[in-house]
């Protein structure tokens, strides 16, 4: 009589091995897109600073798409769908347990002169679980948004962030069903 493992143990071990392999592939991805997967979508809605000279926005959740970096890496490029051109700045934001956000770093200021999808190169460090955000640096710039049927939480801040600033979201600028047409490509 030999000691052979039962079929159920062998099957269980095979399932565990397959799951572990799939998990390591998912977590081993070398690139990810943060933000909207529909930046180029047509939209008739937009967000702007509402009479304030500057403001900032962060997408905290989306029905489809990542809002937090799944790993530490570098933002290599970003896209934003602009309705009314003006001065913009991509931000890396860290959320704290008290609900505040800190602007960790930011791109150079961009000033598109035409509406539509704008594409920029970047080299911004981002840590796992940090967000991307957007400074709107004049009162006329408007960014396209989509209305979401599922929760898509967008928080606003006033004024715009300076790097190292820490702010609480400005509640009148926050929405539970708005997808900001902004994304960034992150690489390990």
Given Cα pairs under 8 Å that are at least 6 residues apart, what percent is the relative contact order of the chain?
33 percent
Scaled by the rule-of-thumb 2.2 N^0.38 Å, the alpha carbon Rg for the chain gives a ratio of 1.26
Using alpha carbon centers only, the range 120-134 is separated from the range 44-64 by a whole-angstrom value of 17 Å
Candidates 68, 171, 76: whichever shows maximal mean-square fluctuation once the chain is modelled as a Gaussian network with Cα springs under 10 Å:
171
Which order results if 114, 142, 37 are arranged by neighbouring Cβ count within 10 Å, fewest first?
114, 37, 142
List 43, 123 from most exposed to least, where exposure is judged by having the fewest other Cβ atoms within 10 Å.
123, 43
Which distance in nm do the two modelled labels at residue 125 and residue 187 give, with both placed 7 Å along the Cα-to-Cβ direction?
1.8 nm
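Throughout, read-outs are computed from the coordinates displayed, never taken from laboratory work. Note that the structure is predicted; figures quoted are calculated from it, not measured. No Cβ is skipped: glycine too gets one built from the backbone with ideal geometry, and neighbour counts run over all protein chains shown.
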